[in-house]
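Okay, structure first, notes after.
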2 protein chains.
Amino acid sequence: MDIKQYMEQVGKQARVASRAMARADSAQRNRALTLIADAIEREADALRAANKLDLDAAAANGLAPAMLDRLALSDSAIATMVEGLRQIVALPDPIGEISGMKFRPSGIQVGQMRVPLGVIGIIYEARPNVTVDAAGLCIKSGNATILRGGSEAINCNRALAKLVKEGLAGAGLPGDGVQVVDTTDRAAVGALITMPQYVDVIVPRGGKGLIARLMEESTVPMIKHLDGICHVYIDAKADPQKALDIAFNAKCHRYGTCNTMETLLVSRAIAPTVLPELAKLYAAKQVELRADAEAHKILEGYPHLAHATEEDWATEYLAAILAVRVVDGLDQAIDHINTWSSKHTESIVTEDYTDAMRFLREVDSASVMVNASTRFADGFEYGLGAEIGISNDKLHARGPVGLEGLTSLKYVVFGHGEVRK
Amino acid sequence: MDIKQYMEQVGKQARVASRAMARADSAQRNRALTLIADAIEREADALRAANKLDLDAAAANGLAPAMLDRLALSDSAIATMVEGLRQIVALPDPIGEISGMKFRPSGIQVGQMRVPLGVIGIIYEARPNVTVDAAGLCIKSGNATILRGGSEAINCNRALAKLVKEGLAGAGLPGDGVQVVDTTDRAAVGALITMPQYVDVIVPRGGKGLIARLMEESTVPMIKHLDGICHVYIDAKADPQKALDIAFNAKCHRYGTCNTMETLLVSRAIAPTVLPELAKLYAAKQVELRADAEAHKILEGYPHLAHATEEDWATEYLAAILAVRVVDGLDQAIDHINTWSSKHTESIVTEDYTDAMRFLREVDSASVMVNASTRFADGFEYGLGAEIGISNDKLHARGPVGLEGLTSLKYVVFGHGEVRK
């Protein structure tokens, strides 16, 4: 069977299974999740053995140590997967909620019901934990799932798929409710993202290269996150201590995350006061500062100082590097952000009410904050309970995406025999 | 300038204007809508003169009478446009609403703010009224708009565009907040649907042919409506009078609308009672019935009877034709609908609580109803106040789309200097 036919069959099976997944009640879906968690604990040895096959092959193929690290299924990685599933069980069921039922002049009563999207395709790299996380969230939200993990993890993913299927069966759900694509052929990805008749949404979890490629080719809608060029703007009326705390934390708490600040904007009125103090904090972490002419003058003598070019405004460093620009005030800050930001997360530090309100309203990003570190832009910090991904898009889900992002609202009408006049 | 360059410029101008449109307060946006309504009333003669140029050209080109009819700007069409704008003014402002602000353990307070999508592209056929309706809804929801109407209406659309621009300017809003594409070259559509950097969503309003073409080529997300193959299922436990009323109204109230019933499913237990009675009603309207073998037997002698083939289950007649099938019961009805429906609107007629609840939960369509005519699936009937279109999709907006469908939710964080630990 060729790849296209194989994927067609996977898609058909997913569509059929999605109906039973959507019909299942809360207890049944939670039962499946618990059985899967139990099975992973019980079969930890077998999982490690499968993972070893992957690790040996990857090492023989010369995979980079960082990649090998992500591929490895350690004891603690297994424990985290199990714990993650048990946490998903404890979340409230997003499915079936009926809201807003209102009577209309015609006599009908109209509202909305939250329902699963149907079939979710997840495309990710060689990280076996994503297989379990993603399957868990999709089962909880009543969706069928097609998982396409990195080919380096194929043995481990097969072993996990077997346990997931057993868990589904044990709860009376179809085994095809979660399917792991059982081929390492890259054409499978191309097929998966061009089957809108079988797949309702694609959630890619991976680096920029993967996402950019999928964007080019996908005919299925995506919940996707491309990059995070996040800004902090220190307003003229900022509390200096809050400014130091937030600008330091937003850059230095972790360098490699998408909600890390990449550009700092400072109002001219406060720059001479706050930038030198901030530089002392960054110096301890050896953060390179790429400053515009005005900031460069103020920061003169800082050991890791460079001149910013326009390219810096458009760069996600994911490293101990920060672009710094002095601006006239709020208008120029908003203009800079709306021009250069990746529309992920931006924060203003200010004690001025009107500036705070204008920033929240006028900055066109998924998360806008006052007096808080951009590092809070995260499904767990926002109270979503779990996160399937982060969306830079404006349609459907925007920002951190929890279980609700895997659902849609359909209209429900309670009638009493009404007809249209 | 070639079309691609021209559209690029239109897109850039829209993106710039979208920021001012999003910043404008409710009073300013309503002021613009009122000024446009006033101007259309005042300039009715000029509009009719422009429309006459279009009508003469169209008649010379041999446009079909039905098309000429839609193109014509009668006195009552002008009055309806003006009244529509005044109704939009009276709707509540969807923009800026902040909801769900909750404190998190970290100390930050998190919720969501409703904001415009940005730039909306509307592609429609030669109906000048859509120019004003769509512009009105986009202005109300704080979006910039690019309107691409049918080339037959170009003179009238140009005249309307001038009045819209004057209204925007009179309210202190940018004239580029609404742009009418000023060329009849079809390449303009191709450019518009492939500029995701400038256009956030495309709303096509037109026939299936237009939509199908756009689906092939668009790289911008669409809020689209393809077809309406709607079902009524008469359950074994149906109230016979409600069944007759609803099945007659859903088919015969209007034949050409997307929420008209195209297939009737009847439970075997009630078919011999209800189908002959129903046939009497349909006979008065000369509705052709395309029946499966079992229904055909019951309907024997009906003057407009034919045998249904599988193709009938997949056909949107938009005419006085109805497919009829006898099913075992609820399970087979749901299965038929989930297989053949265009996922628009389906209704069950029943007095049985469990069957009603199962139908609502398990039928995967944008609108699911109990004991009501499918003809109620409509933005006005649902209380949305206005309708920009209907969506068959599951992501973002589903079913009738009102002003909210032209908005998105961004996360808002109120902090007090919090940083991530």
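The values are calculated or read from the model by the stated rules, or taken from the named source; none is laboratory data. These figures come from a predicted structure and were not determined experimentally. Cβ: placed from backbone, ideal geometry, glycine included. Neighbour counts: every protein chain shown. What goes into the accessible areas is simple: the full protein's heavy atoms, side chains included, and nothing from ligands, DNA or RNA. Shrake-Rupley method; radii C 1.70, N 1.55, O 1.52, S 1.80 Å.
Which distances, in nm and shortest first, link the B:GLN241 label point to the same label point in every other copy, taking 7 Å along Cα→Cβ?
B:GLN241 label point versus its equivalents elsewhere: 7.5 nm.
How big is Rg to Rh over chain A, alpha-carbon atoms, Rh as the Kirkwood inverse-mean-distance radius?
On the way: Rg = 24.4 Å, Rh = 23.6 Å.
Radius of gyration relative to Kirkwood radius: 1.03.
Report, to the nearest whole %, how much of the accessible area of the stretch A:230-376 belongs to carbon and sulfur atoms, 1.4 Å probe, protein only. Walk me through the intermediate numbers first.
Numbers: 2730 of 5350 Å².
That share works out to 51 percent.
Counting only protein heavy atoms and using a 1.4 Å probe, what share of the accessible area of the stretch B:4-106 belongs to carbon plus sulfur, as a whole percent? Provide the component values of the computation, followed by the final result.
Details: 3140 of 5590 Å².
The computed percentage sits at 56.
Would you work out which of A:THR131, A:ALA161, A:PRO116 lies farthest towards the positive end of the dipole of the stretch A:70-165? Charges go on Cβ: Lys and Arg +1, Asp and Glu -1.
Most positive-ward Cα: A:PRO116.
Starting from a label point 7 Å past Cα on the Cβ side, list the distances from A:ALA212 to the same position in the other copies, nm, shortest first.
Inter-copy label distances (nm, one decimal, shortest first): 3.6.
Shielding by partners for B:370-379, please: the mean number of other protein chain Cβ atoms within 10 Å of each residue's Cβ.
Details: counts 7, 7, 13, 8, 2, 4, 11, 4, 1, 0.
Other-chain Cβ atoms within 10 Å of each residue's Cβ, averaged: 6.
Determine the distance separating the Cα centre of the stretch B:201-225 from the Cα centre of the stretch A:59-114; give it in Å without decimals.
The stretch B:201-225 and the stretch A:59-114 have Cα centres separated by 31 Å.
Looking for one value pair here: nearest-to-axis residue in chain A (by Cβ) for the rotation onto B, and the distance in whole angstrom.
A:HIS396, 2
If you take the accessible area of B alone, add that of A alone, and subtract the area of the pair, what total do you get in Å², probe 1.4 Å, to the nearest 100?
Working: alone 18970 and 18960 Å², together 32210 Å².
Counting protein atoms only, the buried area is about 5700 Å².
When you look at the Cβ of every residue in B:211-222, what mean number of other chain Cβ atoms sits within 10 Å?
Working: counts 0, 0, 0, 0, 2, 1, 0, 1, 3, 1, 6, 2.
That average works out to 1.
Show A:TYR353, A:TYR317 ordered by accessible area, largest first, where the area counts protein heavy atoms only and the probe is 1.4 Å. Could the numbers behind the result be given before it?
On the way: A:TYR353 160, A:TYR317 30 Å².
My answer, sorted largest first, is A:TYR353, A:TYR317.
Calculate how many DSSP beta bridges within chain A are antiparallel, expressed in % of all such bridges and rounded to the nearest 5.
Rounded to the nearest five, the antiparallel share is 30 percent.
Run through the other copies and list how far each one's label point is from that of A:GLN197, in nm with one decimal, shortest first; the point sits 7 Å from Cα along Cα-Cβ.
3.6
What do you get for Rg/Rh of the stretch B:106-196 when both radii come from the Cα atoms and Rh is the Kirkwood radius? Write down the numbers at each step before the final one.
On the way: Rg = 15.7 Å, Rh = 14.2 Å.
For the stretch B:106-196, the value is 1.10.
Rounded if a/c is under 1.5, else prolate if a/b beats b/c, else oblate: with a ≥ b ≥ c from the C-alpha gyration tensor eigenvalues square-rooted, which is the stretch B:135-247? Intermediate results must be reported in sequence, preceding the final value.
On the way: a/c = 2.62, a/b = 1.93, b/c = 1.36.
Prolate, since a/c reaches 1.5 and a/b exceeds b/c.
Kindly sort A:THR374, B:THR194 by accessible area of their heavy atoms, largest first, with the probe set to 1.4 Å.
On the way: A:THR374 0, B:THR194 55 Å².
I get B:THR194, A:THR374, largest accessible area first.
Can you give me the P(r) profile for the stretch A:1-152? Cα pairs, bins 10 angstrom wide beginning at 0, each as a whole percent.
10, 29, 31, 19, 7, 3, 1, 0
Taking only protein heavy atoms into account and a 1.4 Å probe, give the accessible area per residue of the protein assembly as shown in Å².
On the way: 32210 Å² over 842 residues.
For the protein assembly as shown, the per-residue accessible area is 38 Å².
Please identify the chymotrypsin sites (Phe, Trp or Tyr not before Pro) of the stretch B:236-302 that satisfy two criteria: DSSP loop assignment and at most 12 other Cβ atoms within 10 Å. Which are they? Could you put the intermediate results ahead of the total?
Numbers: sites: B:PHE248, B:TYR255, B:TYR282; in loops: B:TYR255.
Passing sites in the stretch B:236-302 do not exist.
Can you tell me how the protein assembly as shown classifies by the Cα gyration tensor, rounded, prolate or oblate, using a/c under 1.5 as the rounded cut? Show your work: numbers first, answer last.
On the way: a/c = 2.07, a/b = 1.22, b/c = 1.70.
Here the protein assembly as shown falls in the oblate category.
Rounded to the nearest 500, what is the 222 nm mean residue ellipticity of chain A from helices alone, with -39500 (n - 2.57) per DSSP H run of 4+ residues and division by all residues? Mind showing how you got there, number by number?
Details: 15 runs with 183 residues, N = 421.
After summing the helix terms and dividing by residue count, I get -13500 deg cm²/dmol.
Indicate the gyration tensor shape class of the stretch B:230-376 (rounded, prolate or oblate), computed on the Cα atoms with a ≥ b ≥ c the square roots of the eigenvalues: a/c under 1.5 is rounded; otherwise a/b larger than b/c is prolate and the rest oblate.
Values: a/c = 1.41, a/b = 1.23, b/c = 1.14.
Cα axes put the stretch B:230-376 in the rounded bin.
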